[in-house]
Amino acid sequence: MTCATPFQLPFLIILLAAATTTFSPLPPVEAADGGGEWQLLQKNMGIVAMHMQLLHNDHVVIFDRTDFGLSNLSLPDGRCRRNPREIVVKTDCTAHSIDYDVAANKYRALFVETDVWCSSGAVTPEGTLIQTGGFNDGDRAVRTFTPCPDCDWREDVNGLVARRWYATNHILPDGRQIVIGGRRQFNYEFYPKKDATARNTYTLPFLLQTNDPGAENNLYPFVFLNVDGNLFIYANNRAILFNYQKNTIVRTYPNIPGGEPRSYPSSGSAVLLPLRNLNKPNVEAEVLICGGAPKGSYQQALGGKFLPALDTCGRIKITDANPKWEMETMPGGRAMNDMVMLPNGNVLMINGVSQGTAGWECGRNPVLNPYLYKTNARNGARFELQNPSNVPRVYHSTAILLRDGRVLVAGSNPHIGYSFNNVVFPTELRMEAFSPSYLEPRFEDVRPKIIAPASQTKLKYGQKLTMRIGVAAALDKNSLAATMVAPPFTTHSYSMNQRMLVMEPNAVRDVGKMTYEVDVTTPGSAVHAPPGYYLLFMCHQDIPSHGIWVQIL
């Protein structure tokens, strides 16, 4: 099958015919410098992990879309989804969402009623996943999932004002979510509404200005809450700082050098680098954007020509008075790559292809080696090649950080429906975990163990927190740091709400028997750390502990 686009609906979606392209062998992998280990967790999880969110009960909610056709996982108790508005299968007794228990390595089927394809989401301060938009009958839906042993999705089919397909969500300091953009939506709205009767959207011309005819390249915009309370919004090849409360642009950033698009379907990825020195008057914020496909890739792929992916990253201090992009080169080109913030502040780049772009059958030459990006190293020495997987993860792949420091990796389906045979990249139902080198046994003696506080502890802003840790090796007090990581909603190479805060020790005390007390101060405001659940780690010599859950309100 030639490269096609989800935007060619409804014509293509009803085909659901298997592609006839001959399967191509995996590309050669590169020798790795930095190690890492892969583990197969599930041979067949039944659905494609197009969207993932880790919740504070150490379960991961995963879903694909209802118009893929029949999945490989039946709904329990003879339950079926009967939906006359569905395009493909109007009576569907298979699941398109699961609840994955990390500790047990087991999953259960969930029931989703409307189409969640290419949707967005974020978690409330209380820990409920709010998932918004999608396609067809689901484009205005708001779905909620509260973690509990037998909970399932609840849906409000008219929860949004505008249709949202390929939008971005971000948690705000007051705990609400802002929902930005989506296909042909050059506006934003809030959820929940402050006034239950309010049905407002707010125009954002920047989204129209960044729209490339025939390719768009501004969907799933990269959005980060800046330390001044405004939003950094990046779409296509440029960014603004936006005051969402006044609907005004505070500043316009310089275009990324080279001017190539990075947003969907070019599909690079982006992270807000760790926020440090939180007690200082002026906290710096820095954004890193890597990979993607050059301009014209989408149109070329539709004609069967797959251009090399971009091999550059741009890094910019968004709080500087005169911000400038610092460019650097990756070990190779990468599009549809996920960027996962690790507990020690480094970034794992994983999944994706080195040719083509996002879209059905539009990518080639999967990149099997992850790249480790060392945040604090000098430019030119930040990348380290990691050991490869043998599973191609192309369009519709995802990766998220788990509490034990592993990275959960799943998904990949570049087809209109589920296609397992006679295609370049079969629909992928395997689930893996990547263990970065910091989890190797040789680091056990320097790895901290958090003794206190207990998991699920509630924190306040600006609170003195005494952490008790155990370390078998001699403690280097100058290499200790506590980190708080907000688990993101991940889809289409972008992790919404991913955020790390670094809390340097105020004091360290030896309390005997290889046990220490470390005093830190929690983030001072909801602008630095929006309310909700975070993973709390202690790092020693760049080796993280296993995390615990904390809730800051």
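The values are calculated or read from the model by the stated rules, or taken from the named source; none is laboratory data. The structure presented is a predicted model; accordingly, all values stated were derived computationally and were not measured. Neighbour counts are summed over all protein chains in view; Cβ atoms, including those assigned to glycine, are modelled from backbone coordinates with ideal geometry. The protein model used for the area step is the full one, side chains on, heavy atoms only, and it has no ligands, DNA or RNA in it. Shrake-Rupley method; radii C 1.70, N 1.55, O 1.52, S 1.80 Å.
Taking the criterion of being crowded, with 20+ Cβ neighbours inside 10 Å and in a loop (DSSP other than H, G, I, E, B), would at least one residue in the stretch 449-470 satisfy it?
Checked against the condition, which is being crowded, with 20+ Cβ neighbours inside 10 Å and in a loop (DSSP other than H, G, I, E, B), the stretch 449-470 yields no hits at all.
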Of those in the stretch 175-215 that are open to solvent by 10 Å² or more (accessible area, probe 1.4 Å) and acidic (D, E), the residue farthest from N230 (Cα to Cα) is D212
Which one of these is touching a strand residue (DSSP E or B) at 6+ places or on another chain (Cβ under 9 Å), touching a residue at least 12 places away in the same chain (Cβ under 8 Å) and within 14 Å of A49 (Cβ to Cβ): R403, R499, R430, R468?
R430
Evaluation of V227 against (1) within 22 Å of the chain's Cα centre (by Cα); (2) surrounded by 20 or more Cβ atoms within 10 Å (Cβ to Cβ); (3) not small (G, A, S) (one fails), failing number
(2)
Return the residue satisfying two criteria in turn: it lies in the stretch 253-279 and is under 18 Å from the mean Cα position of the chain (by Cα) and assigned to a loop (DSSP other than H, G, I, E, B), and of such residues it is nearest to A235 (Cα to Cα).
S263
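Listed here are the residues, each with its yes/no results for (1) in contact with a Pro (Cβ under 9 Å, 6 or more places away or on another chain); (2) open to solvent by 10 Å² or more (accessible area, probe 1.4 Å); (3) of a type in the set (S, T, Y).
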site	(1), (2), (3)
T319	no, yes, yes
N322	no, yes, no
V347	no, no, no
Q355	yes, yes, no
E361	yes, no, no
V367	yes, yes, no
L372	yes, yes, no
R382	no, yes, no
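State whether one or more residues within the stretch 483-504 are at pLDDT 95 or above, more than 25 Å from the chain's Cα centre (by Cα) and open to solvent by 20 Å² or more (accessible area, probe 1.4 Å). Don't jump to the end; show me each part of the working.
Within the stretch 483-504, the first condition is being at pLDDT 95 or above, and the residues that meet it are 483-504.
Retained after the next criterion (residues that are more than 25 Å from the chain's Cα centre (by Cα)): 504.
Now drop any that are not open to solvent by 20 Å² or more (accessible area, probe 1.4 Å), which leaves 504.
Checking the stretch 483-504: at least one residue is at pLDDT 95 or above, more than 25 Å from the chain's Cα centre (by Cα) and open to solvent by 20 Å² or more (accessible area, probe 1.4 Å).
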For the structure I just gave you, tell me whether G291 is surrounded by 22 or more Cβ atoms within 10 Å (Cβ to Cβ) and in contact with a strand residue (DSSP E or B) (Cβ under 6 Å, 6 or more places away or on another chain).
yes
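So which residues in the stretch 505-514 are at pLDDT 95 or above and either assigned to a loop (DSSP other than H, G, I, E, B) or open to solvent by 70 Å² or more (accessible area, probe 1.4 Å) (or both), if there are any at all? It would help to see each step written out before you state the result.
Initially, the stretch 505-514 is screened for residues at pLDDT 95 or above, giving 505-511, 514.
Once the filter is applied, which keeps residues that are at pLDDT 95 or above and either assigned to a loop (DSSP other than H, G, I, E, B) or open to solvent by 70 Å² or more (accessible area, probe 1.4 Å) (or both), the stretch 505-514 yields P505, N506, R509, D510, M514.
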L73, sole failed condition from (1) touching a Lys or Arg at 6+ places or on another chain (Cβ under 8 Å); (2) open to solvent by less than 50 Å² (accessible area, probe 1.4 Å); (3) farther than 20 Å from G182 by Cβ:
(1)
For the stretch 230-252, what are the residues that are in a loop (DSSP other than H, G, I, E, B) and under 29 Å from Q355 (Cα atoms)?
N236, N237
Could you tell me whether the stretch 262-282 includes any residue that is over 18 Å from D320 (Cβ atoms), open to solvent by 20 Å² or more (accessible area, probe 1.4 Å) and either out of contact with any strand residue (DSSP E or B) (no Cβ under 7 Å at 6 or more places or on another chain) or of a type in the set (D, E) (or both)?
no
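Report yes if some residue within the stretch 272-290 is basic (K, R) and closer than 30 Å to P505 by Cβ; otherwise report no.
Our first condition is that a residue be basic (K, R); within the stretch 272-290, this holds for 276, 280.
Among the residues that remain, those that are also closer than 30 Å to P505 by Cβ are: 276, 280.
Yes, the conditions are met somewhere in the stretch 272-290.
Any chance you could count how many residues in the stretch 153-167 are open to solvent by less than 20 Å² (accessible area, probe 1.4 Å) and more than 17 Å from T124 (Cβ to Cβ)? Let's see the steps before the verdict.
So in the stretch 153-167, the residues open to solvent by less than 20 Å² (accessible area, probe 1.4 Å) come out as 159-160, 162, 164, 166-167.
Keeping just the survivors that are more than 17 Å from T124 (Cβ to Cβ) gives 162, 164, 166-167.
Count: 4.
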Odd one out for A377 among (1) without any contact (Cβ under 8 Å) to a residue 40 or more places away in the chain; (2) crowded, with 20+ Cβ neighbours inside 10 Å; (3) not hydroxyl-bearing (S, T, Y)
(2)
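Report yes if E517 is surrounded by 15 or more Cβ atoms within 10 Å (Cβ to Cβ), assigned to a strand (DSSP E or B) and either of a type outside the set (K, R) or in contact (Cβ under 8 Å) with a residue 12 or more places away in the chain (or both), otherwise no. So that I can check it myself, show each step before the final result.
Numbers: surrounded by 15 or more Cβ atoms within 10 Å (Cβ to Cβ): yes; assigned to a strand (DSSP E or B): yes; either of a type outside the set (K, R) or in contact (Cβ under 8 Å) with a residue 12 or more places away in the chain (or both): yes.
For E517, the condition - surrounded by 15 or more Cβ atoms within 10 Å (Cβ to Cβ), assigned to a strand (DSSP E or B) and either of a type outside the set (K, R) or in contact (Cβ under 8 Å) with a residue 12 or more places away in the chain (or both) - is met.
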Residue list for the stretch 113-134, filter: surrounded by fewer than 24 Cβ atoms within 10 Å (Cβ to Cβ) and either aliphatic (A, V, I, L, M) or under 14 Å from F68 (Cβ atoms) (or both)
L129, I130
